[in-house]
Amino acid sequence: KEKDLAAAVGVSRMTLRQSLGSLEGRGVLERIPGRQGGTFIREPRIDCDITGLAGFTEQLRRGQVRASAHVVSATVVPASRPVATALELPADGAVYEVVRVRSARRQPLALERSYLPVELFPGLLDKRLSGSLYTRMRRDYGLGPQTATEYLEPFIATRDVASLLAVEVGSALLLIERTARTTAGQPVEYARDLFRPDKIRVSVRTVAGDTGALRSATPTT
């Protein structure tokens, strides 16, 4: 109780409330109303430096966090116009659509939706897809991504997305749209990844004189 805590630390209840409010605003504490609620320490967000073409697993490993992947679906679909344009395919060209939920600390952190040209990766659906997609593309097909263009936008969680990420419908998410290419410039992946900003903090490093990020690549595999 606030009264007991204030007495224990030797401050007034008003001072205690101001301090708790400050910590809540900084994301250190979380207040849950109701009889079963209270003030709790919020688990710190996971930092993801997306400078450099590293996968989700590697990004979290750098922070000594173990990541996992659950394959929601993996099918062959006709490419929509945005997908066909990004992958430089004919309209309705065949692509793999791989949807996965990425988790850590027993909580879902991101929803990945990747599209890959079927003609470049024959038999992909027969392989294990719960590991690194980029490693699979590189080792099995010799077509590992080397560069990527990404766009970051806000996204409001729909009912299906909210269910998969264990958030409320209408929650704010971070969308990162990516087109990845080989060294020769061939597009090999188009992706739309959704991240929980309450669990993931994304950063990009830049250098003086650069026109933008060094190279940004979402943790996706």
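Evaluation of I32 against the conditions (1) at pLDDT below 95; (2) out of contact with any strand residue (DSSP E or B) (no Cβ under 7 Å at 6 or more places or on another chain); (3) β-branched (V, I, T) shows that the sole unmet condition is (2). Restricting G131, G170, G123 to residues that are over 18 Å from S73 (Cβ atoms) and assigned by TED's automatic domain parsing to the domain that holds S68 narrows the list to G170. Residue count for the stretch 105-120, restricted to those that are buried (at least 17 other Cβ atoms within 10 Å of the Cβ) and without any contact (Cβ under 8 Å) to a residue 60 or more places away in the chain: 1. How about the stretch 97-131: which of its residues are closer than 21 Å to V83 by Cα and outside any strand (DSSP E or B)? Residues satisfying the conditions are V118, E119, L120, F121, P122, G123, L124, L125, L129. On the stretch given as the stretch 189-212, residues that are over 9 Å from the mean Cα position of the chain (by Cα), crowded, with 21+ Cβ neighbours inside 10 Å and of a type in the set (A, V, I, L, M, F, W, C) total 1.
Scanning the stretch 78-96 for residues that are in a strand (DSSP E or B) and within 21 Å of L143 (Cα to Cα) yields A94, V95, Y96.
All conditions but one from (1) at pLDDT below 90; (2) closer than 15 Å to T179 by Cβ; (3) polar (S, T, N, Q) apply to T57; the one that does not is (2).
The values are calculated or read from the model by the stated rules, or taken from the named source; none is laboratory data. Note that this is a predicted model, so its numbers are computed, not measured. Note: ideal-geometry Cβ built from the backbone for every residue, glycine included; neighbour counts use all protein chains shown.
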